[in-house]
Amino acid sequence: VQLQASGGGLVQPGGSLRLSCRTSGINFRIAAMNWYRQAPGKQRDLVASVSGGGTTNFVDSVKGRFTSSRDYARNTLYLQMNNLKPEDTGRYYCNIFWRDREWWGQGTQVTVSS
């Protein structure tokens, strides 16, 4: 199982980024996946959950600003982040529970700063 996150960067407040999580070794069509965020000096927190069918749940702090989608042809999960705020800064990870264990990507850094 491999999860490859990409798409992070430095963006000004109010800007947008789209993160990607390319997967391999799983049945992407049925795998529920998650996005986590870890701010500097803080624990890793759940940001979004995405079912195999694409149903999403977001934490309150990002509702209305973040969306997530799946490209089944590319086995890739996306996180579209709009109207970014400084408090969105952190390393973003995609995550899956598959074959009785958790798997993590390497993460991608998002920095929101003017």
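The values are calculated or read from the model by the stated rules, or taken from the named source; none is laboratory data. Note that the coordinates shown come from a computational prediction; the quantities given were computed from them, not determined experimentally. When we count neighbours, we look across all protein chains shown, and the Cβ atoms used for this are built from the backbone with ideal geometry, even at glycine. Just so you know, the surface numbers come from the protein's heavy atoms only, side chains and all, with ligands and any DNA or RNA stripped out. Shrake-Rupley method; radii C 1.70, N 1.55, O 1.52, S 1.80 Å.
Seen from all directions on average, the chain presents a Cα convex hull projection of 6.6 nm². Can you give me the pair-distance distribution of segment 66-114, C-alpha pairs, 5 Å bins, whole percents? Going from the shortest bin to the longest, the percentages are 5, 16, 20, 25, 18, 10, 4, 2, 0.
So, with a 1.4 angstrom probe, what is the percent of accessible area on the chain that is carbon and sulfur? Don't skip to the answer; put the middle values down first.
Details: 2690 of 6100 Å².
About 44 percent, which is the carbon plus sulfur part of the accessible surface.
Other residues with beta-carbon under 14 Å from the beta-carbon of Thr108 carry, at +1 per Lys or Arg and -1 per Asp or Glu, a net charge of +4.
With a 1.4 Å probe and every protein chain left in place, work out the accessible area per residue of the chain in Å², rounded to a whole number.
On the way: 6100 Å² over 114 residues.
So the chain comes to 54 Å² accessible per residue, rounded to a whole number.
Once you reduce segment 60-114 and segment 29-58 to the center of their Cα atoms, the two points are 7 Å from each other.
Cβ under 14 Å from Lys85's Cβ, Lys85 left aside: what net charge do those residues give with Lys, Arg +1 and Asp, Glu -1?
Numbers: positive: Arg37, Lys63, Arg65; negative: Asp60, Glu87, Asp88.
So the environment of Lys85 carries a net charge of 0.
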